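These notes concern the structure reproduced below.
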Amino acid sequence: MKKHILFGLAILAAASVKVYAQFVNNGNLVISNNFSLVVSQGDFQNNGTVTMKNDGKLYLRQGDLVNDGNFGDPTLTQTGHVYFDGTDVVQEIRGANEPYIYSLHAVQSGNAYVEQKINVTTYAIEVGDADNMFDYKVKDPSTDDIKGLRLYADEFTLNGNLRLYDDSQILQKGDGITVTGSGKVYRDQMGHGNKYWYNYWCSPVNRDGEWKLAYLMDGRDPENPQDINWVYERDADGANEVNSGQNPANLNSAWVYYFPAGGNDYNNWQYIGDSVTITPGFGYTMKGPDIQNAARPGTTGPTNQFKAYTFAGSPNGGTYTFSLNADEIILLGNPYLSAFDANDFINYHDNNVSNKGFNGTLYFWEHVDGSDHILRNYVGGYATYNLSGGSPARDWQTDSIVGTKEPQRYIPVAQGFFLMADDDGGTIELRNDFQEFYREDNNQSVFMRTTDTDIRIKFTDPEGLQRELLLAVRPGTTLGFDWGWDGPFFGDSRYSDMHFVIDDRNYVIQAIPELTSDLRLPLHIFTRTSGSVRIEVSELLNVPSDVEMYIEDTQTGMTEPLTLQNDFRTYLQAGDYTNRFYLVFRPAETTKADELNQNAFTVYYADDMIRITNPEGIQIDRAYVFDLTGKVIKEADLHTDAKQIQVPVSLKTGVYLLQVTSGHKKLAKKFIVD
């Protein structure tokens, strides 16, 4: 086939040219002033620069748009139109570089469609209605496990249907979105396949400005999604095997609820089923179809997932506004066909909303176990995210760590989350400019931190229940409450737990400006039962090597190192402990400056006598013996530098703490009586 190769050609006249061959541009091509270039029987191959302005038009009748150069104006201020108007032909947008097209028209006829194989930016896209299910497909041709492409567009004319495959996403550049036509955008998302487990959702599309679950589809056949079969089945033991591998899948409308503003307890859940409409931005609950690891092309992920929940409708866009009063919570979500930047969301409310509305933290439900519909048997909880990072979910009933995920900065398409009002309440805004293109489950969707210092410490109560706290070192924060950086506790305070304390309130995430030798962070511990508790380090990220960390027990006077190798354990009676335990830091060079040399002493108990070996002959002034509740069992004035010291005391079997002082210095050591 003969190629038409153009070098530096500027076409200015109000006329048209038809080319019946492949068209290759190796120079500077300008299509302007209503001029029409029609390429009828071959590809349009751009290796140079294409400028389209003043309503210039490019028609592609049979071939593809292949862009290996510079195509269009990234600002989209120069108007130009590209038409795919072939008949009975698949046409592609491909190449090495992203094209910028002011107005893109996929208006083919017959058995035809356009397949977008690279990222595309346009202002307006028109999709015509040809003789097949989908008329425009955004489909990543790569063989990567995590696939997806981006389509930027603000104005949609959908006379036909647009299909987003895998993790492909639509983003909007402007403040709003315009959608006309009866066609739809189709986008899949994966969620639990288990019929007893909840996901929290938020629809990324609407129909006539609203959404209801009856619109949800089964997309296991991605080329021919089917309407979900909705049933209503409350049988708690699941004896009626409602959702057993049918096609289309069955979903149970008995478990579809949303949580509007207006309360902060269980009674505020409102049933919507599959037929009640909600507005974009609201989150809702839904259980799975009892179909797991649903096979369909291009999907990966955990085997307990159903990978083909398909949303079909008009793309959401613009700003969605909600109001919260003090002490209220609300279930919202990512309402867009793209990832949602939680950091941008938080920062916007910090800098642009007079009453921020919420407490600066997002809460994500994770359901991890349960084999019936009985509430008390659900195993799951709320993970926490703010500007400092994420903390995994604790079970809502036992308050033990159950979450397998730490929330990240970029919230996936259709993910729901709770917000909790601050003391004043106010306005919540979900805005277009919080959209970002980040694929799920790969490095792009992870909040990668290269220089931030994170310290994660884990608390274990006498029953083995756990809590993980995140201490984040972030310059510019304070030791008081920092909105968007400190994560308030979100859960039931009846259960054993440990929290940071700021202004007498409990937090699971605390941000501080720096690690200093005089830093002393109060910890609140509550235990339902008596027994041994444990505090340990679960992760250190970018912690300077010259910093050491300790747990200080003000009741015993003990300050014990806390490292990846050394944890803190003590015995506590059931109860509430405030102003007793502190997390403290000191640079290594000043560590133990006011303590005696640990290696200079040995302690053991025999024959109703505590025996202290003091080989260096250090002057010992006083000795205190504590049990692990902090109770003083024995005090003794010694004032001796003897190398062998004995303190008479009768002790029962157990673990004890000996503290000795020498001037202003002190030493604390545990010993066991067996």
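Pick from D553, D576, D546: which is touching a residue at least 12 places away in the same chain (Cβ under 8 Å) and in contact with a helix residue (DSSP H, G or I) (Cβ under 7 Å, 6 or more places away or on another chain)?
Values: D553 fails: in contact with a helix residue (DSSP H, G or I) (Cβ under 7 Å, 6 or more places away or on another chain); D576 fails: in contact with a helix residue (DSSP H, G or I) (Cβ under 7 Å, 6 or more places away or on another chain).
Of the residues listed, the single one that is touching a residue at least 12 places away in the same chain (Cβ under 8 Å) and in contact with a helix residue (DSSP H, G or I) (Cβ under 7 Å, 6 or more places away or on another chain) is D546.
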Identity of the residue in segment 466-498, surrounded by 20 or more Cβ atoms within 10 Å (Cβ to Cβ) and over 24 Å from the mean Cα position of the chain (by Cα), that ends up modelled with the highest pLDDT: S496
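Restrict the check to segment 631-640 and report whether at least one residue is under 18 Å from Y571 (Cβ atoms) and within 46 Å of the chain's Cα centre (by Cα).
Yes, segment 631-640 contains at least one residue that is under 18 Å from Y571 (Cβ atoms) and within 46 Å of the chain's Cα centre (by Cα).
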Can you pull out every residue in segment 258-273 that is under 19 Å from Y196 (Cα atoms) and either assigned to a loop (DSSP other than H, G, I, E, B) or within 22 Å of the chain's Cα centre (by Cα) (or both)? Y258, W269, I272, G273
Tally of residues being basic (K, R) and assigned to a strand (DSSP E or B) across segment 471-513: 1
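Yes/no per residue for (1) farther than 26 Å from G110 by Cα; (2) part of a strand (DSSP E or B); (3) assigned by TED's automatic domain parsing to the domain that holds G219:
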position: M133; (1), (2), (3): no, no, no
position: K137; (1), (2), (3): no, yes, no
position: D140; (1), (2), (3): no, no, no
position: G148; (1), (2), (3): yes, no, no
position: L151; (1), (2), (3): no, yes, no
position: T157; (1), (2), (3): no, yes, no
position: R163; (1), (2), (3): no, yes, no
position: D167; (1), (2), (3): yes, no, no
position: G176; (1), (2), (3): yes, no, no
Over segment 541-582, the set of residues within 33 Å of the chain's Cα centre (by Cα) and among the charged types (D, E, K, R) is D546, E548, D567, R569, D576
Looking for whichever is crowded, with 21+ Cβ neighbours inside 10 Å and under 30 Å from I374 (Cα atoms) here; the options are G193, G128. Which one fits? G193
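Please find, among T79, T121, the residue that is touching a Pro at 6+ places or on another chain (Cβ under 8 Å) and hydroxyl-bearing (S, T, Y).
On inspection, the qualifying residue turns out to be T121.
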Restricted to segment 556-573, and to residues that are assigned to a strand (DSSP E or B) and touching a residue at least 24 places away in the same chain (Cβ under 8 Å), which residue is farthest from L667 (Cα to Cα)? L572
Can you find even one residue in segment 346-355 that is in contact (Cβ under 8 Å) with a residue 60 or more places away in the chain, of a type outside the set (S, T, Y) and assigned to a strand (DSSP E or B)? no
Considering each residue of segment 142-171, count those that are over 27 Å from the mean Cα position of the chain (by Cα) and more than 19 Å from D85 (Cα to Cα), and give that number. 1
Scan segment 318-345 for residues that are among the hydrophobic types (A, V, I, L, M, F, W, C) and in a strand (DSSP E or B) and jot them down. F322, L324, I329, I330, L331, L332, A339, F340
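Here's the yes/no breakdown for (1) at pLDDT below 85; (2) of a type in the set (G, A, S); (3) surrounded by fewer than 17 Cβ atoms within 10 Å (Cβ to Cβ):
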| position | (1), (2), (3) |
| --- | --- |
| P561 | no, no, yes |
| D567 | no, no, no |
| G575 | no, yes, yes |
| T590 | yes, no, yes |
| A593 | yes, yes, yes |
Please verify whether segment 222-231 includes one or more residues that are in contact (Cβ under 8 Å) with a residue 24 or more places away in the chain and touching a helix residue (DSSP H, G or I) at 6+ places or on another chain (Cβ under 6 Å). yes
Name the single residue that is surrounded by the most Cβ atoms within 10 Å (Cβ to Cβ) among those in segment 361-405 being modelled with pLDDT under 85 and among the hydrophobic types (A, V, I, L, M, F, W, C). A393
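Condition test on A124, is it within 21 Å of N34 (Cβ to Cβ) and under 33 Å from the mean Cα position of the chain (by Cα)?
Yes: the conditions hold for A124.
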Identify, please: which residue in segment 278-289 is over 14 Å from K307 (Cβ atoms) and either touching an Asp or Glu at 6+ places or on another chain (Cβ under 6 Å) or not hydrophobic (A, V, I, L, M, F, W, C) (or both) and is, among those, modelled with the lowest pLDDT? K287
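The values are calculated or read from the model by the stated rules, or taken from the named source; none is laboratory data. Everything quoted here is computed from the prediction, not taken from an experiment. Reconstructed Cβ throughout: ideal geometry from the backbone, glycine too, with neighbour counts over all protein chains shown.
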